[in-house]
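J.: Below is one structure. I have some questions about it.
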């Protein structure tokens, strides 16, 4: 029993009502830190019946008997608080989210309160960054989605095989990887790391790209012929790649993707949206395979010199922009100062559940520390580098692979990989590009009529939690205008602005198809 009080001795319910009365407006989400015995829960539900109320606890066990009164609860043992908050707060609703603290709990648990609020601030920064990204890339994502849906000529499905994997990022430590070390593994590489692998005569089994910007296009310049490419429709993919390479569409399960894939009988590979292509690629392997995954070139930290393994598309741009007054050292310093987002990506790896982290290994030296992922020496192989505890933790995985015909490296020996299947892609028949053009044209015309009518007659539907095609298109056409309507669905000026943006963007796409 606690030796201090978090609530009024005489009337805790009245105290909770007074606290709730200070909350302005009608928030979509309320985050309350350590609400103690949860007298607030029923009061908040009565005052805000449609608001999601989430409790963030300071202690692992205290007040657990009242956790069921909240829509969601986080405790220190649940993992990363920022990622928990990101999973419960849609970025477009950040402005309608209230972060509140029960002050008595802050005084009772000062250290825990300090840690929690630092993590809340970090989560808000991440959400703000996501909002800026969506605002900047929305139109590009929509354009890329239409272009890629129409343009890919050789859709393919993946067979992951039975070998362990090397997941190649583009960090400087990738330069330490040799063709001999890579030979026993299936190689999955992010597009920005492909040139460095090719220059070292390391074959690539799958290239993954998720970046929507034009600067991602040069990464494909040196991609060997016939290397399969996996990408979400929103990514920037060169037309030449769409026409000549096996293409594996990735699905984030958004309404627009789902509708297009179904209409064209395409077979996408389920993926999860991530802030970095390396994270998306890693989750693909964790989700769809049981094998072990070696991270190479996943440095997650700014380097003293070049920030990427060479050759790299950005290196040519840097040299082209340098002169006597702006030397290469200055350009590299600026580039490294701009790499602070790498810490966010590192946090993603740190918050992986133990069962996932145990399947990951890290090759090479350098980079930011990842204490939950074991570093290995590829010259020795996984078996010699992994400690007994690691091997024991993976026993179930190895047994599963053995039962399915896999011959993974077992403890204490290095089995031959000659009979083990590599990752491969198998093309399948699909509708022609012309048929997919007609599908996209018809859908865009329908949305061009339907969405403005929805904004004019039922704008409140855009603020509902359910993911809909109309909401997605509005956000892609103008994220800022969409958020303004969500904040105040009855604001006629906001409605008009969103309608104008939707008409403009969809109109341009329709004209491009018709040209």
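The values are calculated or read from the model by the stated rules, or taken from the named source; none is laboratory data. Keep in mind the model is a prediction, meaning the values are calculated, not measured. Glycine gets a Cβ as well: all are built from the backbone with ideal geometry, and neighbour counts include every protein chain shown.
J.: Out of segment 189-207, which residues are outside any helix (DSSP H, G or I) and within 18 Å of residue 311 (Cα to Cα)?
T.: Passing the criteria: 189, 190, 200, 201, 202, 203, 204, 207.
Condition check ((1) crowded, with 17+ Cβ neighbours inside 10 Å; (2) at pLDDT 80 or above; (3) not assigned by TED's automatic domain parsing to the domain that holds residue 443) across all residues:
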| site | (1), (2), (3) |
| --- | --- |
| 236 | yes, yes, yes |
| 249 | yes, yes, yes |
| 267 | no, yes, yes |
| 313 | yes, no, yes |
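J.: Does residue 452 count as closer than 30 Å to residue 266 by Cβ and either more than 27 Å from the chain's Cα centre (by Cα) or loosely packed, with under 12 Cβ neighbours inside 10 Å (or both)?
T.: Against the criterion (closer than 30 Å to residue 266 by Cβ and either more than 27 Å from the chain's Cα centre (by Cα) or loosely packed, with under 12 Cβ neighbours inside 10 Å (or both)), residue 452 qualifies.
J.: While we're looking at this one, here's another question. Name the residues in segment 166-193 that are surrounded by 24 or more Cβ atoms within 10 Å (Cβ to Cβ) and farther than 19 Å from residue 345 by Cβ, would you?
T.: 177, 185, 186, 187
J.: Looking at (1) closer than 17 Å to residue 298 by Cβ; (2) not assigned by TED's automatic domain parsing to the domain that holds residue 268, which is the only condition residue 164 fails?
T.: Here residue 164 clears every test but (2).
So that you can scan it fast, the table gives a plain yes or no per residue for (1) part of a helix (DSSP H, G or I); (2) more than 21 Å from residue 512 (Cα to Cα); (3) in contact with a strand residue (DSSP E or B) (Cβ under 6 Å, 6 or more places away or on another chain):
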residue: 439; (1), (2), (3): yes, no, no
residue: 443; (1), (2), (3): yes, no, no
residue: 465; (1), (2), (3): no, yes, no
residue: 473; (1), (2), (3): yes, no, no
residue: 481; (1), (2), (3): yes, yes, no
residue: 485; (1), (2), (3): yes, yes, no
residue: 489; (1), (2), (3): no, yes, no
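J.: I've got another one for you. Being surrounded by 18 or more Cβ atoms within 10 Å (Cβ to Cβ), on the phi < 0 side of the Ramachandran plot and part of a helix (DSSP H, G or I) narrows it down to one of 44, 6, so name that one.
T.: The conditions single out 44.
J.: Report, by residue number, each residue of segment 169-184 that is outside any loop (DSSP other than H, G, I, E, B), over 16 Å from residue 422 (Cα atoms) and touching a helix residue (DSSP H, G or I) at 6+ places or on another chain (Cβ under 9 Å).
T.: Passing the criteria: 174, 175.
J.: When the residues of segment 358-379 are narrowed to those that are under 20 Å from the mean Cα position of the chain (by Cα) and crowded, with 18+ Cβ neighbours inside 10 Å, which ends up farthest from residue 166 (Cα to Cα)?
T.: 370
J.: Among the candidates 113, 108, single out the residue that is surrounded by 19 or more Cβ atoms within 10 Å (Cβ to Cβ), touching a strand residue (DSSP E or B) at 6+ places or on another chain (Cβ under 8 Å) and either at pLDDT below 95 or not assigned by TED's automatic domain parsing to the domain that holds residue 342 (or both).
T.: Every option except 113 fails the conditions.
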